[in-house]
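Following: one structure in structure tokens, then a few remarks.
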Amino acid sequence: MQNDIQWINNALGRKIPLNIDGRLNKPFQDVFSDATQEQRGRKIKERAVQPSAISQRQKPDKLVASWDELFERLDIQDGATISFHHHLRNGDKIVNEVVARLASRGIMGLTLAPSALFSVHDALLPYIKDGVIAKIEGSMNGAIGAACSHGEIAQTCILRSHGGRQRAIREGDLPIDVAFIAAPCADLFGNANGLYGSSACGPLSYAKPDSEYAKKVVIITDNLVPYPCSSWSIRGGNVDYVLNVESIGDSSRIVSGTTQLTKSPTQLVIARLAARFIEAAGLMKDGFSFQAGAGGISLAATVFLAERMRNAGIKASFAHGGATKILVDLLEEGLLDSIIDLQSFDLDAVRSCAKNEKHIESDPFSSYGPHANGCVANMLDIALLGATEIDLNFNVNVVTHSDGILLHGIGGHSDASSGAGCTIITAPSFRKRIPIIKEEVTTITCPGELIDVLITERGIAINSRRDDLLWSAKKADLPCVDISQLMHDVYQITGVPEKPHFTDHPVALVEWRDGSLIDTIWQIEE
Amino acid sequence: MSIRDQFEAGFVSKSDCLVKYQATAEPLSIEVHSSVQSLFGNAIRTCAMQMLEEFKVTTGALLVDDDGALDLVIRARIEAVLRSAGYLSQKRLFVDASSGISWQTGVSTIESEKNASRAENSASLDGGIERPVCSLVKQQARLYMPGDQPHFAINADFYGADILIFDLEDSVPLARKFEARILVRRFLENSFLFRKSERAVRINPLSTEESVHDIAEIVPAMPDIILLPKCESAMDVERLDTLLTANEEEYGLVPGSIRIMPIIESAKGVLAAYEIARASQRNSALCFGYEDFSRDIQSKPDIVKVAHVQDDGSQKVNIQLNPVSSIDSLLARQIIILASRAADIEPLDSSYSDIENTKGLLNSCYEARALGFTGKSVIHPSQIPYVKKAFLPSDEEVQYAKAVIAAYEESLKAGKGAVAIDGQMIDIPVVEKARRIIEESMHAE
């Protein structure tokens, strides 16, 4: 079968399959030209119009008594696609539970379409080996990513950004048979949110497209409240079944909770430099907006940036992305007008999201939708993001490590980069002994034309497309370095790493936001 | 030599490696395990083979258990086990004049060449270039790093310290001293890692045998400064001076190029402070070491705080005491300041040990500055910005710096060339210094 694959080099020179597993692919052309849509009028997947099972004068009965009843009513077949959200993060119990129950019912060849997986989901590995799971369309982290890299997943997997996933679901490229939505708070009608209850996790953003376009939608809750549940992140009108269980997650592991400022001196140096750069480049002006991830450097950079805002008497209009205590404090202090939240990283953020009207729960269409008429990312002045590798053309890799193993999802990385006025990558110039700047990244997840600045402890490298930024940085005596000089300086310290050895067997495809293929991930040579 | 046949150095921890050498009659074998195996496995093996060749090792088993150590670290660890096993480098022979013991180190050819070029640089000092003159060197923030843990040192040049101190004394257990000084020597040899900060080594006290080994190992790698702990008399400094000169001459270095910072941390030392300060031309500062001093004079500064709380019976009491250690060390600190100033060198304060307490740290820095100290040592890089904030610019300095920048930008706008403020010409270095002052004053977080 693999012999029938037609290969082509895309616009970035990456080899991608035009057809695979019966799927036709478009090569990546350009960041903003839409490779998947011939015309402007785009197809939006209509939810298969089925006559509602609810007659007009009947109170709907969606509540199922048990997992068994649920699966009997769902009637899932071999090869079905099931989806999950990742708001419960490493505390999630539902993905493992559903897969285990389907396996015990003898279901095979499932496609898993989670918005992300965490190490708690390493428990899925046996089901991958047994063929219960044949394919994953979604981020693959840790051991599951490694299994994919070693060719252990039967079919070719697909990696998408949060925006890309939303687009694929909306436009029918990722048809979901059943969406299992773990909900910390829900009523018997299926209205649900993540704000209240012992498993509260904040927004349920990433489950929203699933709830709108999946053939069947199931709410699984451990906090069934009387109708109507207040605040409808998930609208009951989209929901088919509601299941009440003991627990949907381990609440102690739902929040990653790193509100402590990093102690890593290198991270602190980078974070300070990033804040300095943002001010020097004139990006820190009244009403500006930013997105910073929840990594150590991003959190510290936010703290240092806030200090500069305080000193200069400047207020930001909004922060976007994952919410943390640090952002909540800024919101309450008045340095931030609002938070647009896609997922809460700690309990302070969860509480704030529940009580503060300026803490807005978003969804991937509104935040990152590539085919929306603009999204929050387009309103961003600054995106402060990380990377596992960056190359001399500023192409970024966030999914594979330098040894070629798949270890992360894309998250909102390419979506935020595409929209923000200035995209800044912060990263140490090497981790342990592994340089992050390379002649060529192992996998391209975001083209260099969208990356404006790289900030490392060894200085700031600015994309030559952004002479304006270079000029401002130099004017403020910031330590500017040429990216290739920086690479060679680091090589002098670390030595030049060997290249990973791959087979010619593709294990995963990386989609650009528009659905075109930007790169291929290859099986590791054993 | 003991009859051991198994030798070990290093740790399996981030940026380090554990190296084991089993002395047997079997033909040489090398085993490498690494968390970066697929990227650097061959490089590590090559490095190990070069070291074994350099030490002419033909038998035994070498094991490298690596977690992303840099080449220089791997070499240091291998050198340590091979020298422990009695092997000698074929590159260079050292003879310790004082003890008559033969020393050999694993200085590789390339590193020796680098040293040579460093020596040339320092030779050109006479011409007034390259090395900053002592009095212009900033000594405000001195960062201590445990000498046997490489990950602290690798990026240390970027933490903003004026001086990086590789510690061979208190932070290194006796059993690790040997491998620590080899590691420190290798870091010093790779001088390209330290372009911004000066490099110092705190050796062991002269009362110990270790100190002689420290000096013999370290001096060829040309540190900028040697810190002498537990210094109690002018004689200590004179002895170190003589030892340094002997070693400098032996390795073809310019005598006197290595500075000395005596650390005073005992009652005796305080009482001899002025003699100590004047004991050598190499002295560039007197350092105070509070922890040992407090132990030496058997002071109990905490008792005051505890008593206050108990007397009041409430935890809320706001104790109006000086926050730091000044009660028991105030006189000592002042004597050190007087002695230093009288000898025309800088007085530098002890470190602040509570890393989490940034307010306390800032207080302690302001207090030190108020007393007359010009700098402070730090035990964690995160403390550096606070020391900088407390020590560098006063309000007047900041105002002046702002005026400089304003005048400079005005002149740029007007298209004029040079400008002057209060008669001082404003050129680019002055503007840069002004920017740095503003930066450091505003953004210590």
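Are any residues in segment A:384-395 part of a strand (DSSP E or B) and within 15 Å of the chain's Cα centre (by Cα), and if so, which ones? Spell out how you get there, then give the answer.
At the first step, the residues of segment A:384-395 found to be part of a strand (DSSP E or B) are A:384-385, A:389-391.
Within segment A:384-395, A:Leu384, A:Leu385 qualify.
Take B:Glu275 and tell me if it is closer than 19 Å to B:Asp236 by Cα and modelled with pLDDT of 85 or more. Full working, then the answer.
On the way: closer than 19 Å to B:Asp236 by Cα: yes; modelled with pLDDT of 85 or more: yes.
Taking the combined requirement at face value, the residue satisfies it.
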**Asked** Which of (1) out of contact with any Gly (no Cβ under 8 Å at 6 or more places or on another chain); (2) within 14 Å of chain B (Cβ to nearest Cβ); (3) farther than 19 Å from A:Val496 by Cβ is the odd one out, the single condition A:Pro447 does not satisfy?
**Response** (2)
**Message:** Which count do you get for residues in segment A:345-376 that are assigned to a loop (DSSP other than H, G, I, E, B), in contact with an Asp or Glu (Cβ under 7 Å, 6 or more places away or on another chain) and acidic (Asp, Glu)?
**Reply:** 0
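When segment A:250-270 is examined, which residues are found to be of a type outside the set (Val, Ile, Thr), in contact (Cβ under 8 Å) with a residue 12 or more places away in the chain and either within 14 Å of chain B (Cβ to nearest Cβ) or on the phi > 0 side of the Ramachandran plot (or both)?
Step one: filter segment A:250-270 for residues of a type outside the set (Val, Ile, Thr), giving A:250-253, A:256-257, A:260-261, A:263-265, A:267-268.
Checking the rest, the ones that are also in contact (Cβ under 8 Å) with a residue 12 or more places away in the chain come to A:250-253, A:256-257, A:261, A:264, A:267-268.
Scanning segment A:250-270 gives A:Gly257, A:Leu261, A:Ser264, A:Gln267, A:Leu268.
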**Message:** If a residue must be away from every other protein chain (no Cβ under 14 Å), within 32 Å of the chain's Cα centre (by Cα) and of a type in the set (Asp, Glu), how many such residues does segment B:12-52 contain?
**Reply:** 0
**Message:** Here is a check on your reading of the model: is B:Cys231 in a loop (DSSP other than H, G, I, E, B), assigned by TED's automatic domain parsing to the domain that holds B:Gly147, surrounded by 24 or more Cβ atoms within 10 Å (Cβ to Cβ) and touching a strand residue (DSSP E or B) at 6+ places or on another chain (Cβ under 7 Å)?
**Reply:** yes
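Please work out if A:Asp346 is over 26 Å from A:Glu279 (Cβ atoms), among the acidic types (Asp, Glu), modelled with pLDDT under 95 and surrounded by fewer than 24 Cβ atoms within 10 Å (Cβ to Cβ).
When the stated conditions are applied, A:Asp346 passes them.
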**Asked** For segment B:370-389, which residues satisfy the criterion of being hydrophobic (A, V, I, L, M, F, W, C) and either buried (at least 24 other Cβ atoms within 10 Å of the Cβ) or closer than 19 Å to A:Ala300 by Cβ (or both)?
**Response** B:Phe373, B:Val378, B:Ile384, B:Val387
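Looking at segment A:305-344, which of the residues that are among the acidic types (Asp, Glu) and part of a strand (DSSP E or B) is nearest to A:His85 (Cα to Cα)? Write out each step before concluding.
Here is the first cut: in segment A:305-344, the residues among the acidic types (Asp, Glu) are A:307, A:329, A:332-333, A:337, A:341.
Those left that are additionally part of a strand (DSSP E or B): A:337, A:341.
Values: A:Asp337: 28, A:Asp341: 15 Å.
In this case the residue turns out to be A:Asp341.
A:Ser231 - would you say it is in contact (Cβ under 8 Å) with a residue 24 or more places away in the chain, within 14 Å of chain B (Cβ to nearest Cβ) and surrounded by fewer than 24 Cβ atoms within 10 Å (Cβ to Cβ)? Give the derivation first.
Values: in contact (Cβ under 8 Å) with a residue 24 or more places away in the chain: yes; within 14 Å of chain B (Cβ to nearest Cβ): no; surrounded by fewer than 24 Cβ atoms within 10 Å (Cβ to Cβ): yes.
No: the conditions fail for A:Ser231.
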**Prompt:** Which of the residues spanning segment A:271-315 are surrounded by 24 or more Cβ atoms within 10 Å (Cβ to Cβ) and more than 14 Å from every other protein chain (Cβ to nearest Cβ)?
**Reply:** A:Ala281, A:Phe290, A:Gln291, A:Ala292, A:Ser298
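Select, from B:Glu26, B:Glu54, the only residue that is touching an Asp or Glu at 6+ places or on another chain (Cβ under 9 Å) and in the same structural domain as B:Val81 (by TED's automatic domain parsing). Working first, answer last.
Numbers: B:Glu26 fails: touching an Asp or Glu at 6+ places or on another chain (Cβ under 9 Å).
From the options B:Glu26, B:Glu54, the qualifying one is B:Glu54.
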**Asked** Are there any strands (runs of 3 or more DSSP E) wholly within segment A:420-523 with 3 or more residues that are under 30 Å from B:Lys14 (Cα atoms), and if so which?
**Response** A:422-426, A:453-456, A:459-462
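Quick check on my filter: what residues within segment A:234-247 are more than 17 Å from A:Phe71 (Cβ to Cβ) and crowded, with 17+ Cβ neighbours inside 10 Å? Talk me through it step by step, then tell me what you get.
Taking segment A:234-247 as the starting set, the residues that turn out to be more than 17 Å from A:Phe71 (Cβ to Cβ) are A:234-238, A:246-247.
Residues satisfying the conditions are A:Ile234, A:Gly236, A:Asn238.
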**Request:** Output the number of the condition that A:Glu440 fails; it satisfies all remaining conditions of (1) away from chain B (no Cβ under 14 Å); (2) within 19 Å of the chain's Cα centre (by Cα).
**Result:** (2)
**Prompt:** Residue check: is B:Gln90 surrounded by fewer than 19 Cβ atoms within 10 Å (Cβ to Cβ), on the phi < 0 side of the Ramachandran plot and in a helix (DSSP H, G or I)?
**Reply:** no
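Here's a check for you: in segment B:149-170, which residue that is more than 14 Å from every other protein chain (Cβ to nearest Cβ) and closer than 23 Å to A:Glu457 by Cβ is modelled with the lowest pLDDT?
At the first step, the residues of segment B:149-170 found to be more than 14 Å from every other protein chain (Cβ to nearest Cβ) are B:162-163, B:165-170.
Still in the list and also closer than 23 Å to A:Glu457 by Cβ: B:162-163, B:165-167.
Values: B:Asp162: 92, B:Ile163: 95, B:Ile165: 97, B:Phe166: 98, B:Asp167: 97.
Checked segment B:149-170; the qualifying residue modelled with the lowest pLDDT is B:Asp162.
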**Message:** Condition (residue is of a type in the set (D, E, K, R), in contact (Cβ under 8 Å) with a residue 24 or more places away in the chain and over 22 Å from B:Ala180 (Cα atoms)) applied to segment B:61-68: is it met by at least one residue?
**Reply:** no
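Quick check: anything in segment A:488-501 of a type outside the set (Ser, Thr, Tyr) and closer than 28 Å to B:Ala406 by Cα?
To start, the set of residues in segment A:488-501 that are of a type outside the set (Ser, Thr, Tyr) comprises A:488-490, A:492-493, A:495-501.
Going one step further and asking which of them are closer than 28 Å to B:Ala406 by Cα, we end up with none.
No; the residues of segment A:488-501 include none that is of a type outside the set (Ser, Thr, Tyr) and closer than 28 Å to B:Ala406 by Cα.
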**Message:** For segment B:347-382, give me each residue that is assigned to a helix (DSSP H, G or I), touching a residue at least 40 places away in the same chain (Cβ under 8 Å) and closer than 24 Å to B:His151 by Cα.
**Reply:** B:Pro381
**Message:** I need the full set of residues from segment A:120-147 which are in contact (Cβ under 8 Å) with a residue 40 or more places away in the chain, in a helix (DSSP H, G or I) and either touching an Asp or Glu at 6+ places or on another chain (Cβ under 8 Å) or buried (at least 24 other Cβ atoms within 10 Å of the Cβ) (or both), in order please.
**Reply:** A:Val120, A:Gly142, A:Gly145
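Would a scan of segment A:149-159 turn up a residue that is on the phi > 0 side of the Ramachandran plot and either surrounded by fewer than 24 Cβ atoms within 10 Å (Cβ to Cβ) or assigned to a helix (DSSP H, G or I) (or both)?
First, pick out the residues of segment A:149-159 that are on the phi > 0 side of the Ramachandran plot: A:151.
Among the residues that remain, those that are also either surrounded by fewer than 24 Cβ atoms within 10 Å (Cβ to Cβ) or assigned to a helix (DSSP H, G or I) (or both) are: A:151.
Yes, segment A:149-159 has at least one match.
Consider segment B:418-432. How many of its residues are within 13 Å of chain A (Cβ to nearest Cβ) and at pLDDT 75 or above?
Narrowing segment B:418-432 to residues within 13 Å of chain A (Cβ to nearest Cβ): B:428-432.
Imposing the further condition that a residue be at pLDDT 75 or above reduces the set to B:428, B:430-432.
Going through segment B:418-432 one residue at a time, the tally reaches 4.
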**Message:** Taking the condition of being more than 10 Å from every other protein chain (Cβ to nearest Cβ), crowded, with 17+ Cβ neighbours inside 10 Å and hydroxyl-bearing (Ser, Thr, Tyr), how many residues in segment A:450-508 meet it?
**Reply:** 1
**Request:** State whether one or more residues within segment A:77-98 are farther than 22 Å from A:Val507 by Cα, over 27 Å from the mean Cα position of the chain (by Cα) and at pLDDT 95 or above.
**Result:** yes
**Item:** B:Glu356 surrounded by fewer than 21 Cβ atoms within 10 Å (Cβ to Cβ), out of contact with any Gly (no Cβ under 9 Å at 6 or more places or on another chain), within 14 Å of chain A (Cβ to nearest Cβ) and of a type outside the set (A, V, I, L, M, F, W, C)
**Value:** yes
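Condition test on B:Val64, is it within 14 Å of another protein chain (Cβ to nearest Cβ), farther than 22 Å from B:Leu193 by Cβ and in a strand (DSSP E or B)? Spell out how you get there, then give the answer.
Values: within 14 Å of another protein chain (Cβ to nearest Cβ): yes; farther than 22 Å from B:Leu193 by Cβ: no; in a strand (DSSP E or B): yes.
So B:Val64 does not fit the description; no.
The values are calculated or read from the model by the stated rules, or taken from the named source; none is laboratory data. All values derive from a computational prediction rather than experimental measurement. Backbone-built Cβ (ideal geometry, glycine too); neighbour counts: all protein chains shown.
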